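Derivation of every value follows stated rules applied to the coordinates shown; laboratory data play no part. Keep in mind that what you see is a predicted model, and the values were worked out from it rather than measured. Cβ atoms come from the backbone with ideal geometry, glycine included; neighbour counts cover every protein chain shown.
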């Protein structure tokens, strides 16, 4: 049996489960890849969107209720969540319930924001409907992003099948570049705080020497 046929049969059986777990946890990269695989015929684009919608929606619902019932304990136990708590509260104060819609589109707050929203007094019913709409929007955008990547490649290449592995690699490179840009942007935003901390440590050290 041809390797591509084996891969297609494997993805038809297991691909949606892998996609569901990936989008439940986070999943932009896996969703873009699934969209591309849908273009190649390994998966169905409507199945990809539906699975991503379900995984993303249920994931954020779980994080929200984790914050609702265990949020205070998580703030005390996990420094990373506590560190982002104040920033998240500022976002909530500025944008209100709209934060629940954009939470899955924010770098570094994808999982933390629903947890923190669960700690706030946001009604579960309101979060449910906002999360439902947000998850659908996210699923459509990223699924079609991967699908249109393949479509664009087919307009430039005569035989996409011959370049399939290279296209998957190119897609991962694009995702990696986008992730690197986010990391660099976050690093630049934190630079003033790091500089202040360095000056404070230097001042503290000089005082110790002179005392």
Relative intensity, log₁₀ I(q)/I(0), of the stretch 3-157 from a Debye sum that treats every alpha carbon as a point, q = 0.10, 0.13, 0.21 Å⁻¹: -0.40, -0.63, -1.19
With a Förster distance of 22 angstrom and the Cβ-Cβ distance between residue 137 and residue 72, calculated FRET efficiency to the nearest 0.05 equals 0.10
For the stretch 7-88, count the residues as N, evaluate 2.2 N^0.38 Å, and divide the Cα radius of gyration by that value, please. 1.39
Per-peptide average of other Cβ atoms within 10 Å, ordering 90-98, 110-118, 14-22 highest first: 110-118, 14-22, 90-98
If each residue of separation counts as 0.36 nm, what is the full-extension length gain between residue 94 and residue 25 once their alpha-carbon separation is subtracted? 22.2 nm
Least to most buried among 129, 138 (fewest other Cβ within 10 Å first): 129, 138
Once the piece of chain linking residue 65 and residue 86 is laid out straight, how much longer is it, given 0.36 nm per residue of separation minus the C-alpha distance between them? 5.6 nm
Ranking of 101, 69 by count of other Cβ atoms within 10 Å, fewest first: 69, 101
Cβ density ranking, 10 Å radius, fewest first, applied to 104, 77 yields 77, 104
Net lengthening on full extension, residue 44/residue 105 (0.36 nm per residue, minus Cα-Cα): 19.6 nm
